[in-house]
Every structure is written in structure tokens, then in C-alpha cells.
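> Please see the structure below; I have some questions.
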Amino acid sequence: MTERAFSEHSFQTFLSEHKLMAAKCEGCGALFVPPRPMCPDCHGEEMAWVEVSGKGKLAAFTAVYIGPNAMIAAGYDRKNPYMTGVVQLDEGPLISAQILGLDAAQPEVGSIGTPLKVAFIERGEEEAQRTFLAFEA
Amino acid sequence: MTKRKLGRGVAVVGAGMSKFGAFPEKTTRDLFVEAFKDMRASVDKGLDANDIEALYIGNYSSDLFERQGHTAPIMADWIGLTPRPATRVEDACASSGVALRQGLLAVASGAYDVVLVGGIEVMNKLPIAEVTEALATAGDMLYEIPAGFTFPGFYAAMATAYMHRYGATPEALMQVALKNHDNGALNEKAQFNSTIAAVMEGKRRSAEKKGRPIPTWANEMEFLHDDRANPMIAWPLRLFDCSPVTDGATAVLLVSEEIARQYTDDPITIIGSGQASDGALHDRPDLTSIGAAKKASQMAYEMAGVTANDIKVAEVHDCFTIAEIIATEDIGFFEPGKGHEAAEEGLTTRHGPKPINTSGGLKSKGHPVGASGAGQAVEIFKQMRGKAGERQVDRDVDLALTHNVGGTGQTAVVHIYERK
């Protein structure tokens, strides 16, 4: 597991195993979700995988009424908007993800700060199956 | 950081644009020729096209929008300027703001005396869903778009973060749309060359004609709160919070300051330029401002040796209404968190102390993404020379600024102009 490259492919493979993984810089200790193959903070080259708690809070969000084709295919439209946002993990890094468990038809700015827990959404059949990162209130 | 200076002075001596709008019968070539002719007509003492030594053309994605790559040499060819070097510049919606900077640096370096910069984009050839997909590629296709983000969605997320921190309301955003349409109504080149009041009237007349119930909006605010007239796109942003899908081209002529007076007795000098980059939205510690825009502004102000207080007029990147409010803070016109109050108090109207987007901005003038940055310089060239017609501000504009953003702020480029 620790031999996996610090790439999107590896991050996605971890997601399919329902694990949210960060790349940690062995030099300065900075954490990166999504992973980075070299440290953008100290330019160090030694990285290591660490699993994060999957807990965080909502930093910014929106309810999308006109989504991209992939979300339309997933069943979302003007009458059934979905929520997406930026989540700040308890460990510090921020990540974009779909937000579940809040009412996308009645959004409120006051939802910012809501504690969230990681969730994994499976979409598509057979070879087209893919795990999407989400967070749930 | 060492204070940076340009190698020599560079002046804008001509600036023009095509009509912005939706033109199913036109390609980027047609629109660029239109922009070139408009620019040439603006050169007071005339321009021999053969004087031009190089071209820098901003273009986000003719590849996706028109299935045409390698566009810069085509533009050179269509205005008869081959074999001069022609370079395409791509930084999403900041493409031609960055093209302007590349042209500026090329002239300042001494490599050329006369450079044509500009931008091109034709977006209406694709169905709207495909336009959304094409624009999304300016975000992070690995980590942002799979989360369900769209461009309105990104700016909507910045809006919720901003509203949560500073108590801004959707009505403050609506004031930006109202103002920019008021300005665009006075710009014959604008895609939406009408006030929101006029849009309302048009909808009423259309309902009457079709024998439908005539809507009874008491005023523009009621119209803007109507889910049918102004549908939600990405909460809290509605249709009238978003810039349109636009076809258009822009052209700006840069020359070394030494020869500027061969072209005009009223040149506009570019005295400050700054550009910065950043990661995805989720890589930023502060979601209520655009760090790259603050950095680019700081660089431009330092180079120019002026401050935000000195600037009389600015064109800023209002791809969404919230973006204008954040921009007015990032360029230092207002303190962080005060931009929304300034918009509501009318401080940024043509008659206010800090006029913003007198052209109508991207919101009303239109946003042909790769052409928009150089388009801002076109308006500044007019305002500084007192040639903005009915929308001319009623004061001496000796210093002005343009602020152009790519994506959600992965690129930002700022220029400061002086009339001597």
C-alpha cells in the first residue's frame, strides 16, 4: 500500500477502498489532500501516505441547479439540485467534495462551519464504476 | 522583493473591439478583423499595419469551442501580417490580460517597437451544456469538477464564504448587476445593451403579445428575486449574477513611448503590471478573496509608484457579481469585507467616487473569455482620453487600472495606466 505513487490514480484507488489518504511531507510535515508527488511548501521530495480521520467542517458551498453532464447523468437537475463545497479537514487541508445531508433545496449561509464526516459515493456500472469523494453532515 | 521596473516606457496608442454578442454566422477570424479595424480607426494619426512587428493573442479555447487550434498565426494571416511572429497566450479568462502583459514586456525589452495584442473567443457554436463543460476545464479536472463544481458553483462557494464572514446579502450582489447593466446600456458594443428595467419591460411586452398574464414586478429588485424571471444557477447566484456566453474579439496597439507621438498626441502609458498564479480554490487559506489578484495588484502598484487612492476608474473581472465585490477589495479600493457595502451605497457607479466597470463589465458588455482582458484596456483607453461618450465619467482620469482573473484566481493580471 505504501508503495503507491503519489498520484491521482493512487488517490482514486484508495477512494475505491473507502479510504481518504493524505500525502505527508517527510521533510516539513505538511499534509496534502489531494496528494502531491513533491512538497509544494518546502520542495522536499520524500512523501509518505497517511490516512486522515475523515472529519472536517464546511468552509464554503453552493447548491448547483445547472450541473455538468456527469451530475445530470447522476440524476440531478433544476428540480433536484445538489450541494458541493470546500471542506476543511480536522488535520488542516481543504478539499472539494459533494456535500450530503444538508437540504440543497433550502440552503442557508449559516451551514458554513457544519461538522462533516467523509462519505463515498459509488456511481456507474462495471468498468465505468467510480468512487466519488463526499462529506456528510 | 526587489522593486521591478520596465526596461523602457510603453504606450497604448490604439484600442478597439468587435461588437460582443452571439453571432452564429461568425468565426474568431471575422471578429478579430472587426476588432483590428476598430483599433486602427482609433489611432489618431493613422496606422500603417506594416509597422506591427509581432502579435500576442489571448485565446482560452478555440480548440474546444470551434475545433480550431493554433489560432494566433491565423489571426496574423487574416489581417495580412504574416510572417511576423504570432503567439497564442492561454490563461483561461485572463488570456488576453496576460497577452497584454506579454506585449508590454516585449516592447519594454526593446525587442519590438510596435506590437499588436488582443483576444479572441467564439463560444456560441456549442450547445450550452458543452460550453459549461469547456469552461470547467479551466478548473481542476481531477479534484474539483468531479465534486460537482461548475464555474458559477465556484464563485457561488466564494459568495457563501464571503456572506458568512461579512454579512453580505444577495441584494448587494444584485446592485452590481443593476449598475453594470446601467453602464452597458450606454455601450453600443455591449452584448446586453440595456438596463435591467428595460429587460423587465421587454418581458412584460412579450407576455402581453403572447396573451400571457403580464408580470407585476413593482421594481427591478422584485424582478431579480423572481425565480422564473431570474432563475437560480448555483445558489446564491442567479442568472443575472452571471456573465453571459459571448462571441467577441479585442485589439490593442502597444508602442514604445519614444515613438508614441508618431501615432497620437494623447498616448496612454502603462506604468504598472503585475501577474500572479495560485492553486485550486480548495488550496487557498482564504476563500473570501483572490490571493493572486491581491499579489498582482501589489506588484502593479509598486511598479507604478501609485496607490489605490490615486486610481480614478477601474475595469475589474466581474464574471459573477460576487467577483466584482471581491475584486474591489483585492485591488485595494475598499477594505476586506467592505466591498459589498460600497456596492450597495453606489460608490462604484459612474458618478460615485470609485467608478467600476463603466463599460458594463463582463456582466453586461459580455465575456468572450479569451478576449475580455484586452477588452478592459479598450474601455480604459476611451475613458482616459474622454472618448467614452454617454458613459464618460465626469472627472479627469489621469490614472486607471484593469484587473483580469483566470479561472477562480489561478491566474490574475493587473495593469495601471497613466495619461501624461
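> Please verify whether region B:249-257 includes one or more residues that are under 26 Å from residue B:34 (Cβ atoms) and assigned to a loop (DSSP other than H, G, I, E, B).
Residues of region B:249-257 under 26 Å from residue B:34 (Cβ atoms): B:249-255.
Then keep just the ones that are assigned to a loop (DSSP other than H, G, I, E, B); that gives none.
No: zero hits.
> Can you name the helices (runs of 4 or more DSSP H) wholly within region B:1-107 that have at least 1 residues being under 30 Å from residue B:261 (Cβ atoms) and within 23 Å of the chain's Cα centre (by Cα)?
On the way: elements: B:28-41, B:62-66, B:71-78.
It comes to B:28-41, B:71-78.
> Being touching a strand residue (DSSP E or B) at 6+ places or on another chain (Cβ under 7 Å) and either more than 10 Å from every other protein chain (Cβ to nearest Cβ) or over 12 Å from residue B:288 (Cα atoms) (or both) is the filter here; which residues of region B:139-175 pass it? Explain how you work it out, then say what you get.
Within region B:139-175, the subset touching a strand residue (DSSP E or B) at 6+ places or on another chain (Cβ under 7 Å) is B:143-144, B:146-150, B:152-153, B:155-161.
Within region B:139-175, B:143, B:144, B:146, B:147, B:148, B:149, B:150, B:152, B:153 qualify.
> Find all pairs meeting these conditions: Cβ atoms under 6 angstrom apart; at least six residues apart or on different chains; first residue within region B:91-105 and farther than 15 Å from residue B:367 by Cα; second residue modelled with pLDDT of 95 or more and of a type in the set (Asp, Glu).
Matching pairs, first to second residue: B:98/B:91.
> Counting just the residues of region B:108-130 that are of a type in the set (A, V, I, L, M, F, W, C) and either surrounded by 18 or more Cβ atoms within 10 Å (Cβ to Cβ) or closer than 21 Å to residue B:378 by Cβ (or both), which one comes out nearest to the other protein chains (Cβ to nearest Cβ)? Explain how you work it out, then say what you get.
Applying the first criterion (of a type in the set (A, V, I, L, M, F, W, C)) to region B:108-130 yields B:108, B:111, B:114-117, B:120, B:122-123, B:126, B:128-129.
Subset that is either surrounded by 18 or more Cβ atoms within 10 Å (Cβ to Cβ) or closer than 21 Å to residue B:378 by Cβ (or both): B:108, B:114-117, B:120, B:122-123.
On the way: B:108: 31, B:114: 40, B:115: 34, B:116: 36, B:117: 31, B:120: 25, B:122: 21, B:123: 16 Å.
Checked region B:108-130; the qualifying residue nearest to the other protein chains (Cβ to nearest Cβ) is B:123.
> Test each condition in (1) part of a helix (DSSP H, G or I); (2) in contact with a Pro (Cβ under 9 Å, 6 or more places away or on another chain) for residue B:124 and report the one that comes out false.
Only one criterion is unmet by residue B:124, namely (1).
> For the condition under 17 Å from the mean Cα position of the chain (by Cα), surrounded by fewer than 24 Cβ atoms within 10 Å (Cβ to Cβ) and outside any strand (DSSP E or B), what is the one hit in B:176, B:245, B:199?
On the way: B:176 fails: surrounded by fewer than 24 Cβ atoms within 10 Å (Cβ to Cβ); B:199 fails: under 17 Å from the mean Cα position of the chain (by Cα).
B:245 is the lone residue from the list that is under 17 Å from the mean Cα position of the chain (by Cα), surrounded by fewer than 24 Cβ atoms within 10 Å (Cβ to Cβ) and outside any strand (DSSP E or B).
> Next up: Looking at (1) out of contact with any strand residue (DSSP E or B) (no Cβ under 9 Å at 6 or more places or on another chain); (2) within 8 Å of chain B (Cβ to nearest Cβ), which one does residue A:80 not meet, given that it meets all the others?
Looking at each condition in turn, residue A:80 falls short on (2).
> Looking only at region B:241-249, decide whether some residue is among the polar types (S, T, N, Q) and within 14 Å of chain A (Cβ to nearest Cβ). Can you show your working first?
Within region B:241-249, the first condition is being among the polar types (S, T, N, Q), and the residues that meet it are B:243, B:246.
Pick out the ones that are also within 14 Å of chain A (Cβ to nearest Cβ) and you get none.
The answer is no, given that none of the residues of region B:241-249 is among the polar types (S, T, N, Q) and within 14 Å of chain A (Cβ to nearest Cβ).
> Of all residues in region B:385-409, which are surrounded by 24 or more Cβ atoms within 10 Å (Cβ to Cβ), outside any strand (DSSP E or B) and out of contact with any helix residue (DSSP H, G or I) (no Cβ under 7 Å at 6 or more places or on another chain)? Explain how you work it out, then say what you get.
Within region B:385-409, the first condition is being surrounded by 24 or more Cβ atoms within 10 Å (Cβ to Cβ), and the residues that meet it are B:400-409.
Next cut, outside any strand (DSSP E or B) only: B:407-409.
Once the filter is applied, which keeps residues that are surrounded by 24 or more Cβ atoms within 10 Å (Cβ to Cβ), outside any strand (DSSP E or B) and out of contact with any helix residue (DSSP H, G or I) (no Cβ under 7 Å at 6 or more places or on another chain), region B:385-409 yields only B:407.
The values are calculated or read from the model by the stated rules, or taken from the named source; none is laboratory data. All values derive from a computational prediction rather than experimental measurement. Here Cβ is always computed from backbone atoms with ideal geometry, including for glycine, and neighbour counts include all displayed protein chains.
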